[in-house]
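A short worksheet on the structure shown next.
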Amino acid sequence: MILYFVLHLNIQFMLLLDCLKNIEVAQDNSEHNNQHISQRLSSIIRHYQKISRYQILLEKLLQISLYFVVWLGLFAFIFVSYMLTSTDLDFNYKLTLFVVWITIALIAVNVICFCQFYADQNQEFYNTLCKCQWYEWAHNTQKSYRILLGYAARDRAVTAGVIRIDFSFVIWFGRKTASAVAFLTTIEERNTRK
């Protein structure tokens, strides 16, 4: 379900970005062109506001559930990694643990990749806004453009409370898993020596 919401956010942002790239159809300063740009910019702003509200809703949804998923996933990942590397289990049991390990990893990687894609799209949206020839537009349209540029300059990423869900999270998660497996392996070795 979380993956669906993040994917929907990405698709909406792709549509917004496509609309922004086609905002200027003519290079003249005619009244018709200025009206067209003003209408398109108003549409982009409304769409951007809807996406922002949707992102806030998604963050509220993720805030509680993702804490649970992250910590439960981390402990399950550590436990399964430890069981696969340190114990002498039969093949069927190890295969079952390996499937659980891969399933946890695939779900986490999918969610994280789509969240990173959203952050990258937001950066591309901001860069595309900066490339617009806004200084040739009508005065009211320039004001709206500057307000939108200010909102787009904010760093937008999918977060769950204080945890930013992107590739830096994968690095953190991997370090914690490797540290915990090394710690558990060291304890196991000390117990076998005694």
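Scanning region 173-183 for residues that are surrounded by fewer than 13 Cβ atoms within 10 Å (Cβ to Cβ) and hydrophobic (A, V, I, L, M, F, W, C) gives Ala178, Ala182, Phe183. The set of residues in region 147-194 that are of a type in the set (S, T, N, Q) and touching a residue at least 40 places away in the same chain (Cβ under 8 Å) comprises Thr159, Thr177, Thr185.
Can you go through Ala119, Ala153, Ala108, Ala138 and tell me which one is within 18 Å of Tyr54 (Cβ to Cβ) and either of a type in the set (A, V, I, L, M, F, W, C) or modelled with pLDDT of 80 or more (or both)?
Numbers: Ala153 fails: within 18 Å of Tyr54 (Cβ to Cβ); Ala108 fails: within 18 Å of Tyr54 (Cβ to Cβ); Ala138 fails: within 18 Å of Tyr54 (Cβ to Cβ).
Going through Ala119, Ala153, Ala108, Ala138 in turn, just one is within 18 Å of Tyr54 (Cβ to Cβ) and either of a type in the set (A, V, I, L, M, F, W, C) or modelled with pLDDT of 80 or more (or both): Ala119.
Under 17 Å from Leu9 (Cα atoms) and part of a helix (DSSP H, G or I), is that true of Gln55?
yes
Condition first: under 21 Å from the mean Cα position of the chain (by Cα) and either outside any helix (DSSP H, G or I) or surrounded by 14 or more Cβ atoms within 10 Å (Cβ to Cβ) (or both). Can you find one or more residues in region 131-141 that meet it? No: region 131-141 contains no residue that is under 21 Å from the mean Cα position of the chain (by Cα) and either outside any helix (DSSP H, G or I) or surrounded by 14 or more Cβ atoms within 10 Å (Cβ to Cβ) (or both).
The values are calculated or read from the model by the stated rules, or taken from the named source; none is laboratory data. None of the values given here were measured: they were computed from a predicted structure. Cβ coordinates were reconstructed from backbone atoms using ideal geometry, including for glycine residues, and neighbour counts include every protein chain displayed.
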